[in-house]
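To keep things clear, I will list the structure first and then write my remarks on it.
Where a number appears in this text, it was derived from the coordinates with a stated rule and is not lab data. Given the structure is predicted, the values throughout are model-derived calculations rather than measurements. Cβ placement follows ideal geometry from the backbone for every residue including glycine, while neighbour counts extend to all protein chains displayed.
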Amino acid sequence: MCRRADTGSVAGMIEVAELTKRYGSTLAVDQLSFTVRPGQVTGFLGPNGAGKSTTMRTVLGLDNPTSGRTLVNGKRYAEIRWPLHEVGALLDAAAVHGGRRAADHLYCLARANRIGRARVTEVIEQVGLGGVARKRIGGFSLGMKQRLGVAAALLGDPGVLLFDEPVNGLDPEGIRWIRELMRALASEGRTVLVSSHLMSEMALTADHVLVLGRGRLVTETSMTDLLARFNRDVLVRTPRPAELSAALEAAGAVVLTDPDGALSVTGCDAVAIGDIAVRHGIAVHELTPRSASLEEAYLEITDESVQYRAGLEGSVR
């Protein structure tokens, strides 16, 4: 379900324009601009202190920008009359009243946004908390609180969703569930912005990525293009490795032989390698381009933006 704002702007968009946020002498966000569009999961990545949570808080009206603006569906969050119907968010799963029962917590949110009780029951079941709906939140594990936070975000069936570290405290089944949920929400035409430090999970979840460093946008690209940018080599298996190595090196490639006899080729892409093998009548049994993992690409991109870096020399005693 994608909604259209009264302003006529594109439905389900988050717009951040020249956003700057200072806390005293600390510059948390520095002239940041980007747009999050519907129909895809957008990963919001960056080291600790990069400004991700501050940006999300500003989008949701929890912090006021020092300058610039943030809009949802063409409006400031404070201008949205029934916000849960347009925007759902999970920023801090622990920010709930521990003495309140799970269902009652959701009932309060629902009533404030003119949402019926039947919807509360529906989202409780959707996130797998049906069996503990009448239990007090103070006894919940972090993973259960995360599920409750997701239920609150989904309560108004919004077109825009923001999740800050949603897999914290979840077991493997829960991580897979949240991944599939976010992808399903995006496939319905919703806008999904999710921050996470779990790079392996982001590689499976996000279609598009925004990478921040020290409050600025370092890069914005599709997940596919980001990983392609960090291609490492091509793995080649052939029954005639010595002959193919010589042919590739003559064409300017660098060839290393792995312990199992496979070739690791740089300086020549898979298509060129295949053409060279055909010209020399050499059979090829495997031809696999190998790119860096998202974690490797992310660490290279953000290396100069890391604010808190631990020493690697010596040991902890």
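Order 82-89, 282-289 from most to least packed using the mean count of other Cβ atoms within 10 Å. Don't skip to the answer; put the middle values down first.
Values: 82-89: 20.6, 282-289: 13.5.
Taking the mean over residues of other Cβ atoms within 10 Å, the ranking is 82-89, 282-289.
Relative to the longest principal axis of the Cα atoms of the chain, helix 270-279 runs at roughly 20 degrees. In this simple spin-label approximation, Arg111 and Ala17 carry label points 7 Å from Cα along the Cα→Cβ vector, and these lie 3.9 nm apart.
Between Glu300 and Glu79, what's the calculated FRET efficiency when r is the beta-carbon distance and R0 is 35 Å? Round to 0.05. Write out the running numbers ahead of the final one.
On the way: r = 40 Å, r/R0 = 1.15.
So the FRET efficiency works out to roughly 0.30.
Just to verify a number: FRET efficiency for Arg232 and Asp171, C-beta to C-beta distance, R0 = 35 Å, to 0.05? Approximately 0.60, to the nearest 0.05. In terms of other Cβ atoms within 10 Å, Thr35, Thr58 run from fewest to most in the order Thr35, Thr58.
A Cβ-based charge dipole, computed about the Cα centre of the chain with Lys and Arg at +1 and Asp and Glu at -1, lands at about 1800 debye. For Lys145, the lysines whose Cα comes closer than 26 Å to its Cα, not counting residues fewer than 8 places off in the same chain, are Lys52, Lys135.
In this rough spin-label picture, where each label sits 7 Å from Cα along the Cβ direction, the Asp157-Leu204 distance is 3.0 nm.
For the chain, the longest principal axis of the C-alpha atoms and the axis of helix 117-126 are separated by about 30°.
Full extension of the chain between Gln31 and Ala94 gives 19.7 nm of extra length, using 0.36 nm per residue less the Cα-Cα distance.
The modelled label-to-label distance between Ser67 and Ala250, using points 7 Å beyond Cα along the C-beta direction, is 6.3 nm. Secondary structure note: in the chain, about 65% of the DSSP beta bridges are antiparallel.
Among the GluC sites (Glu not before Pro) in region 129-225, those placed in a DSSP loop whose Cβ has at most 14 other Cβ atoms within 10 Å are Glu188. In degrees, nearest 10, range 0 to 90: what is the angle between the Cα axis of helix 241-250 and the longest Cα principal axis of the chain? It works out to around 90 degrees. For Lys21, a cut-off of 16 angstrom between C-alpha atoms picks up these aspartates and glutamates, skipping any fewer than 8 places away in its own chain: Asp30, Asp63. Our Cα-only numbers for the chain put the radius of gyration and Dmax at 24.1, 75 Å.
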